[in-house]
Amino acid sequence: MRIGFIGAGNIGGTLARHLAKLGHQVSIANSRGPESLTALAAEIGATPVSVVDAAKAGEIVFMAIATKAVADLPRGLFANVADSVVVIDIGNYHPELRDGRIDAIDRGMLDSQWVAQQIGRPVIKAFNNIVAKSLLEKGVPKGTMGRIALSVFGDSLDAKAAALRLVDDLGFDPVDGGDLANSWRQQPGTPAYCRDLEATALRRALTEAVRSRIAEYRAEEEARIRRYIAAQAAKE
Ligand SMILES: NC(=O)c1ccc[n+]([C@@H]2O[C@H](COP(=O)([O-])OP(=O)(O)OC[C@H]3O[C@@H](n4cnc5c(N)ncnc54)[C@H](OP(=O)(O)O)[C@@H]3O)[C@@H](O)[C@H]2O)c1
């Protein structure tokens, strides 16, 4: 498949590497332009392009940038992109650590609903709840004992099916989590967030999430990341 990446950092670069290795035709873009991606692109077997070209480059386009950066994307980026192109949002909103406060999300809009509103088209939410290291190292063939599962949320069944197939191809058990309105179940800090769970445990974790706790989950996750950063700094 032709797959575009808007964002080629930690998670975007990892996914792009993995997908290129699987034989997909991958294009990557960042905020600094294709020249800055020449070395990475050559290393992973991808094509460096502009953000505008990345949006047009694929049957699937990944949004792999910080939530605050979504508002900086060119206006009308997807205006001439076919409706059949599947946009997958893998971002997470981190208001204190990185993104600053986004009022609409703080008032209750879900992370990916806000992204969809900003870019003016529906998105699938997936791959936001696995860290890059697990994504790179823990994929295994279908049927392997202990295979990690990844859930996918979205309103279009066709688009969701495409994302679920990619999950499987990448070495993880695909789990249909439901529509985008339920995607809060895998936002930061929820029981299904970055726990590397198998399918049964993942389904249970998604069910156990409590909607009224979205902000609390997020704050707990940010506190956990802060503790992790402090512990790493103390080791240096
Ligand atoms: N890291 C993980 O393990 C992980 C896992 C799941 C989800 N996520 C989420 O995925 C998103 C990306 O995380 P990350 O860790 O990959 O971040 P990162 O390493 O900082 O990479 C961010 C990428 O986005 C690009 N970017 C920033 N602003 C842009 C813009 N306006 N237009 C185009 N590209 C832009 C950056 O390009 P420049 O360098 O040129 O600015 C860079 O390539 C975040 O929302 C994060 O929460 C991360």
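The values are calculated or read from the model by the stated rules, or taken from the named source; none is laboratory data. Because the structure is predicted, anything quoted here is derived from the model rather than measured. Neighbour counts run over all protein chains shown; Cβ positions are idealised from the backbone, glycine included.
A few comments on the model shown:
- Hits in the stretch 157-171 (condition: closer than 16 Å to Asn129 by Cα and touching a residue at least 40 places away in the same chain (Cβ under 8 Å)): Ala163, Leu166, Val167, Leu170
- Criterion violated by His18 - all others in (1) assigned to a helix (DSSP H, G or I); (2) within 12 Å of the ligand (Cβ to nearest atom) satisfied: (2)
- Out of Leu150, Leu202, Leu166, one residue alone is buried (at least 22 other Cβ atoms within 10 Å of the Cβ), assigned to a helix (DSSP H, G or I), touching a helix residue (DSSP H, G or I) at 6+ places or on another chain (Cβ under 8 Å) and at pLDDT 95 or above. It is Leu166.
- Complete set of residues in the stretch 117-137 that are over 13 Å from the mean Cα position of the chain (by Cα), more than 10 Å from the ligand (Cβ to nearest atom) and not in a loop (DSSP other than H, G, I, E, B): Gln117, Gln118, Ile119, Glu137
- Residues satisfying the stated conditions in the stretch 51-78, i.e. near the ligand (Cβ under 9 Å from one of its atoms) and surrounded by 14 or more Cβ atoms within 10 Å (Cβ to Cβ): Val51, Ala54, Met63, Ala64, Ile65, Ala66, Thr67, Lys68, Ala69, Val70, Leu73
- Qualifying positions in the stretch 138-165 - over 16 Å from the mean Cα position of the chain (by Cα) and within 12 Å of the ligand (Cβ to nearest atom): none
- Test: residue in the stretch 169-186 that is exposed (fewer than 15 other Cβ atoms within 10 Å of the Cβ), on the phi < 0 side of the Ramachandran plot and away from the ligand (no atom under 16 Å from the Cβ): yes
- Scanning the stretch 79-113 for residues that are closer than 15 Å to Pro188 by Cα and of a type in the set (A, V, I, L, M, F, W, C) yields Ile90, Leu97, Ile105, Met109, Leu110.
- Residue match in the stretch 79-91 (condition: surrounded by fewer than 19 Cβ atoms within 10 Å (Cβ to Cβ) and near the ligand (Cβ under 10 Å from one of its atoms)): no
- Hey, Ala104 farther than 21 Å from Gly12 by Cβ, among the hydrophobic types (A, V, I, L, M, F, W, C) and surrounded by fewer than 15 Cβ atoms within 10 Å (Cβ to Cβ) or not: yes
- Within the stretch 205-229, the residues that satisfy the criterion of being out of contact with any Phe, Trp or Tyr (no Cβ under 8 Å at 6 or more places or on another chain), modelled with pLDDT of 95 or more and among the hydrophobic types (A, V, I, L, M, F, W, C) are Ala205, Leu206, Val210, Ala215, Ala219, Ala223, Ile225.
- Among residues of the stretch 63-83 that are touching a residue at least 40 places away in the same chain (Cβ under 8 Å), those with a Cβ under 7 angstrom from a residue that is part of a loop (DSSP other than H, G, I, E, B) and of a type in the set (D, E, K, R), sequence gap 6+ or separate chain, pair up as Phe78/Arg121.
- If you go through the stretch 112-156 and keep only what is without any contact (Cβ under 8 Å) to a residue 24 or more places away in the chain and farther than 23 Å from Arg17 by Cβ, you end up with Gln117, Gly143, Met145.
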